[in-house]
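**Q** The structure that follows is given in the form of structure tokens.
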Amino acid sequence: MSVLVNGSPTKEFMVEKGLRQGDPLSPFLFVIVTEGLEGLVSKAVEVGEYVGFNIRRACEGSWKQVWVIKAILRGFEMVSGPGINFHKRKFIGINISDNFMDIIANFLSCRREEDHFIFLGIPIGSYPRRISTWNVIFSKIKSRLLDWKVRLLSFGGRLTLLKSILCSLSIFMFSFYKAPKKVLKEITRLQSNFLWGGAGERKKMHWLSWRTICLTIEKGGLGIRRVRDFNLALLH
């Protein structure tokens, strides 16, 4: 392979090292490679071959748009090497008739996706102000707080688990959506009950207020993140 420097290829060299799936550097390599895909899409928009979706105005789907999408993906495949497996791909149509959607799916050899779906654990297309949208987070937290786990852990063990795992379960959701007050209150209740040795609906005495618990160690707290502050920090 060779590297393009200012538009000119360097001398070719043999590739001797690679990255395996799961390697910490793999996501960074993926980002670098997809920069080329972003460039192809931007160029298509620049020359007027493709019109992006704009929520502030009506957008009309057309065969030209479909052809351009397929040409972009095919061009990306030829340049970068990774093949596009259309049989595993899904697409979503907004304000497009079912008949046209079926024709596009047949043309692209892929499947249709519903308006609401889960992507990387995040509900897409759901209204984040609804409590039911956050049920996936409640379920994950509760699954980690089984009664037998609580009985086997000391206070220090529960604190470590709370900081390292339980506070991280909602990172993806908190990065995309601002949680309603009821959601924040329920997550806080689950965390607080777990810290003091409760499990499920079984409660134990809470010897300190949660506000005090969330203070830094220097100020007399335990350094646990407040979910509201954590949510706002990720959104910004």
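The values are calculated or read from the model by the stated rules, or taken from the named source; none is laboratory data. Model, not experiment: these values are computed from the prediction. No Cβ is skipped: glycine too gets one built from the backbone with ideal geometry, and neighbour counts run over all protein chains shown. Note: accessible area is taken over every heavy atom of the protein model, side chains too, but ligands, DNA and RNA are not part of it. Shrake-Rupley method; radii C 1.70, N 1.55, O 1.52, S 1.80 Å.
**Q** Among K140, K181, K163, which is the only one that is modelled with pLDDT of 80 or more and of a type in the set (D, E, K, R)?
**A** K181
**Q** Further, regarding this structure: Which pairs do you get when a residue that is within 23 Å of S2 (Cα to Cα) and in a helix (DSSP H, G or I), found in the range 64-80, comes within reach of a residue that is aromatic (F, W, Y) and open to solvent by less than 40 Å² (accessible area, probe 1.4 Å), reach meaning Cβ atoms under 8 angstrom, with the pair 6+ apart or on two chains?
**A** No pair meets every condition.
**Q** Of (1) modelled with pLDDT of 80 or more; (2) part of a helix (DSSP H, G or I), K149 satisfies all except one. Which?
**A** (1) is the only condition that K149 fails.
**Q** Of the numbered conditions (1) at pLDDT below 80; (2) assigned to a helix (DSSP H, G or I); (3) loosely packed, with under 13 Cβ neighbours inside 10 Å, R211 satisfies every one except a single condition; which is it?
**A** The failed condition is (1).
**Q** Condition first: at pLDDT 85 or above, more than 26 Å from the chain's Cα centre (by Cα) and open to solvent by less than 40 Å² (accessible area, probe 1.4 Å). Now tell me which residues in the range 31-65 satisfy that.
**A** Hit for the range 31-65 is A44, nothing else.
**Q** Still on this structure, I have one more. Counting just the residues of the range 90-102 that are open to solvent by less than 70 Å² (accessible area, probe 1.4 Å) and modelled with pLDDT of 80 or more, which one comes out nearest to I124 (Cα to Cα)?
**A** Filtering first and then ranking leaves M101.
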